[in-house]
Amino acid sequence: MKSLSIFLAIVSFACSSLLHANSFDDGLKAANEKNYKQAIHEFEEVANEEPQNSAAFYNLGNAYYKNKEFGKAIWAYETSIKLNPKNAEAPINIELCYRELTNGNSWQPSISGLQRMIYGIGSSTWAILSFLISCLIAYSIFSLLKHKNTPWKRFHVMALFGESILFIGFLIAANSSANFPSNNDFGIITVKTSPCYLDETTKSSDFSIYEGAKVHILSEKANRIEVELLEGRKVFISKKDLRII
């Protein structure tokens, strides 16, 4: 009975993977045929089922862009970058989206080029490098103790100092890479909207937030989300007007 359950689970997983692969291929086919609404449908299906699939979000962004849904395209590209910081095309496409919007917003990268490089290498690689450096540190300490009264002492001290700095840097990079996805709580406004509230009770209609604006997510309450704008203003907006990265 247990073997049958395992077999059925494997078959189910294989069928699911095949279905998602077909949806991805159908999305590419629809995009090539300039049927962008169908492409959006197919890539959204893949993205919903495989939320870690960077390629699905990137192609979804392309489909949104071609369909002139620039706010949603920015969200999809940003999500692709979050999943794969090495994606070099997505930042370029985001800038193209903002040029199309021409509403005063511009791309504010969540991470710098240096951070993109660090996160792209991956936490596992940084952890391995940290281990290798720790081995060098151990060897340098051994050599320093062995040659403490020789002309090589200064060399070993300098080597130990440099290796220690590298070790700390690699550990920080490994930790940052591991925590990057969970520390990136931003959202993209997908349609021009007026904030629901400036506080819990006061309605606001004196300004609008434009499509493509990036906001920092603070909290979620029922059908609205508390966000902080880049200039520091905190407001509540409707969930339907925003997509979380």
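Between E100 and E228, what is 0.36 nm times their sequence separation minus the Cα-Cα distance? Round to one decimal in nm.
43.6 nm
Compare the peptides 74-81, 222-229, 54-61 by average per-residue count of other Cβ atoms within 10 angstrom and give them in order, highest first.
Top to bottom by mean Cβ count within 10 Å: 74-81, 54-61, 222-229.
Send over the per residue convex hull volume for the stretch 39-95, Cα only, as a whole number of Å³.
Measuring per residue, one finds 60 Å³ for the Cα hull of the stretch 39-95.
Working out 0.36 nm times the residue gap between H41 and E220, then minus their Cα-Cα distance, what length gain in nm do you get to one decimal?
Contour length minus Cα-Cα distance gives 61.8 nm.
Provide the FRET efficiency to the nearest 0.05 for the M158-K86 pair, computing r from the beta carbons and using R0 = 25 Å.
Approximately 0.15, to the nearest 0.05.
Throughout, read-outs are computed from the coordinates displayed, never taken from laboratory work. Every value quoted in this text rests on a predicted model; they were computed, and no experiment measured them. Glycine also receives a Cβ, built like all others from the backbone with ideal geometry; neighbour counts cover every protein chain displayed.
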